[in-house]
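Note sheet for the following structure.
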Amino acid sequence: MMREAVYMAGLTSDGPGITKFTPVGSPALPRPEEVNPEKLSLALEPEVAAIYAQHQSEVSGTPPQRYMVVDIGGGTVDITVHDKSNGKVSVVLPPMGNTCGGTTINEALSMLLGKAVGDGDFQSFIESNPISARATLNKFFYEEFEERKKRFGDAIECTNEIALSLPRTFMKHYGSGKLHEASKLNMCYDPGDDSLSIGYDLLEEKIFKSTVDKIIECVRAAFDELTDHIDTVYLVGGFGGCKFVRQKIEEAIAQHCGILFDNIVCPKQPDLAVVSGAVMWRKDPTIIQSRVADATYGIECGPVFDPSRHDEYYKFLDVEDGVQCCRNVFEVFVLKGEVIKNEVYKTTIIPLYQNTTKECIPIYSTADDSVSYTRDKEDKLIVREIGELILEIPNPDNIPRNKRQIDVFMDFSGTEIQARAQYSLTGKEVKTVCDFLTNQN
């Protein structure tokens, strides 16, 4: 999606691209003829956040050789583990995470305040002046509350409550009487300065707990995947610098591992980790020496049936050659958890029929490394299509099928899969770029 947006905007070509706002639901816009995919590099957030953390953090003792990075942004949590024992970074745990980031804290406060004024989603306030009201609410929840949220739990500042100045238009609409009702929810409204104070216990239980529990669940899952000791845990991202989150992660790791893990580090300006790390990575892409596949990747093929390997259900007769073949076989290029080599993987296929003049080659991924076929016995697709190569394969001289070879190449060494297919008779080649190291759930 990001790559397509860059192409459509004309950022990788001399074409005009899209120069004005296009409403959602508009008819599909023509893709520029020239896109130059090699001009665009997409960075993986957990990787570049780790690079930034390594450069900008102060750790006790010798620099860590094996470390975990927990990137807690606004919408997601991303975790990865790196090894730097030989001077270059090797990704030893594929990025994992969930969609429970810092904005869910803001949403929880919104729900609590809506309950306090007896107006869920602030419906009446928004209806009074939709544009102005939404702007007021966004500023309150995502600016006024944002910095206080990050400082919550700071022992030095003794931040055991949060006091928020309520917007004037908000107060005018609901009136002080409504806000006095907030005391029933253990919040304190001060009419003198129109502020609302929320105590530690309420903040923890009703606003922070659900999100932090899910972050901790993700951290525990990452520790369960480890096969070796790590030296340091880095916390980065817009919400990674929250003192309360750090405290709870420290407690959770100690409880989960049975030891006090005190080398948890948050760099200065953790919210800049991804953007700054991306610049560092682009200056020296070789800093990432190797990665681990987060899924199994491959294509579908129809080889000669082998009773020792193939299920009878998938057997079919190739009527043109009179040979028993096996359909829907998932030919694997890399397995989940496999260290990705800095090489191009290759396989060769032939058309299914003699009169075929166009070959469509879907590229599949799955989180299950035991999958043997792309479809189950109810003909349901059990792998995920992540891309497709479409190649014209004319045959004016009626060359036999077995001589019309199509070479398929897959390069997994970068942050995206570079795939291409080439027709042996004409030398024509097509290419595509697919998402790599993405969530397979």
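A short reminder: the numbers here are calculations on the coordinates, not readings from a lab. For clarity, every value in this text was computed on a predicted model and none was experimentally measured. When we count neighbours, we look across all protein chains shown, and the Cβ atoms used for this are built from the backbone with ideal geometry, even at glycine.
GNM on the chain, alpha-carbon springs under 10 angstrom: the most fluctuating residue among Asp369, Asp194, Asp231 is Asp194. Since only Val319, His55, Ser365 are under comparison, the one whose Cα sits farthest along the positive direction of the charge dipole of the chain, derived from C-beta charges on Lys, Arg, Asp and Glu, is His55. Between Thr415, Asn402, Gly97, the Cα set farthest toward the positive side of the dipole of the chain (charges on each charged residue's Cβ, about the Cα centre) is that of Thr415. The sum of -39500 (n - 2.57) across all DSSP H runs of n ≥ 4, divided by the residue count of the chain, sets its helix-only mean residue ellipticity at 222 nm to -7500 deg cm²/dmol.
Less than 5 angstrom separates the built amide H of Asn98 from those of Val77, all sequence-distant by 5 or more or on a different chain. In percent, rounded to a whole number, the relative contact order of the chain is 14, using alpha-carbon pairs under 8 Å and six or more apart. Each residue of the stretch 168-178 is assigned a 3J(HN,Hα), and the resulting list reads 4, 5, 5, 5, 5, 6, 8, x, 5, x, 4 Hz, derived from the Karplus form 6.51 cos²θ - 1.76 cosθ + 1.60 (θ = phi - 60°), x at Gly and Pro. Segment Lys115..Asp407, full-extension length gain: 98.9 nm, with 0.36 nm per residue of separation and the alpha-carbon distance subtracted.
Couplings for the stretch 135-149, taken from phi via the Karplus curve 6.51 cos²θ - 1.76 cosθ + 1.60 with θ = phi - 60°, read 4, 4, 5, 4, 5, 5, 7, 10, 10, 4, 7, 4, 5, 5, 4 Hz in order; Gly and Pro are left as x. Here Lys209 is the anchor, and the lysines within straight C-alpha reach of less than 30 Å, apart from those fewer than 8 places off in the same chain, are Lys115, Lys139, Lys149, Lys150, Lys178, Lys184, Lys243, Lys248, Lys268. In the chain, the longest principal axis of the Cα atoms and the axis of helix 243-257 are about 60 degrees apart.
Between Thr347 and Gln255, the C-beta separation translates, for a Förster distance of 35 Å, into a calculated FRET efficiency of about 0.15. Phi angles of the stretch 323-328 translate, via the Karplus equation with coefficients 6.51, -1.76, 1.60 and θ = phi - 60°, into HN-Hα couplings of 10, 6, 10, 10, 8, 6 Hz per residue; Gly and Pro are given as x.
For Ile386, the residues whose amide H sits under 5 Å from its own are Ile363, Tyr364, Ser365, ignoring neighbours fewer than 5 places away on the same chain, with H placed 1.01 Å from N.
Of Ala53, Ala273, Ala116, the residue with the greatest mean-square motion in the GNM of the chain, using alpha carbon springs below 10 Å, is Ala116. For the options Asp411, Asp271, Asp228, a Gaussian network treatment of the chain with springs between C-alpha atoms closer than 10 Å singles out Asp228 as fluctuating the most. To the nearest 10 degrees, how steeply does helix 273-283 sit against the main Cα axis of the chain, on a 0 to 90 scale? Long axis of 273-283 versus the principal axis of the chain: about 40 degrees. Taking other C-beta atoms within 10 Å as the exposure proxy, His229, His173, His55 rank His229, His55, His173 from fewest upward.
Were the residues from Glu378 through Lys214 laid out at 0.36 nm apart, the gain over their Cα-Cα distance would be 55.5 nm. On the beta carbon distance between Asn129 and Gln247, with R0 = 41 Å, the FRET formula returns roughly 0.50. A simple spin-label model places the labels of Asp321 and Glu161 7.9 nm from each other, with each point 7 Å out along Cα-to-Cβ. The reciprocal of the average 1/r between distinct C-alpha atoms defines the Kirkwood hydrodynamic radius, which for the stretch 371-430 equals 14.1 Å. For Lys403, the lysines whose Cα comes closer than 17 Å to its Cα, not counting residues fewer than 8 places off in the same chain, are Lys358, Lys428. Extension gain, His180-Glu385: 0.36 nm per intervening residue step, less the Cα-Cα distance, totals 68.3 nm. Close amide H contacts of Val334 (hydrogens built in the peptide plane, cut-off under 5 Å, sequence separation of 5 or more or a different chain): Tyr297. Straight-line reach from Lys377: taking Cα to Cα under 24 Å and skipping same-chain neighbours fewer than 8 places apart, the lysines in range are Lys315, Lys336. Loop-located trypsin sites (Lys or Arg not before Pro) across the stretch 304-389 with a Cβ neighbour count of 16 or fewer within 10 Å are Arg309, Lys341, Lys377, Lys380, with loop assigned by DSSP.
Using a ≥ b ≥ c from the Cα gyration tensor of the chain (square roots of the eigenvalues), is it rounded, prolate or oblate, where a/c under 1.5 gives rounded and otherwise the larger of a/b and b/c decides, a/b for prolate? Prolate shape, in that a/c is at least 1.5 and a/b is the bigger ratio.
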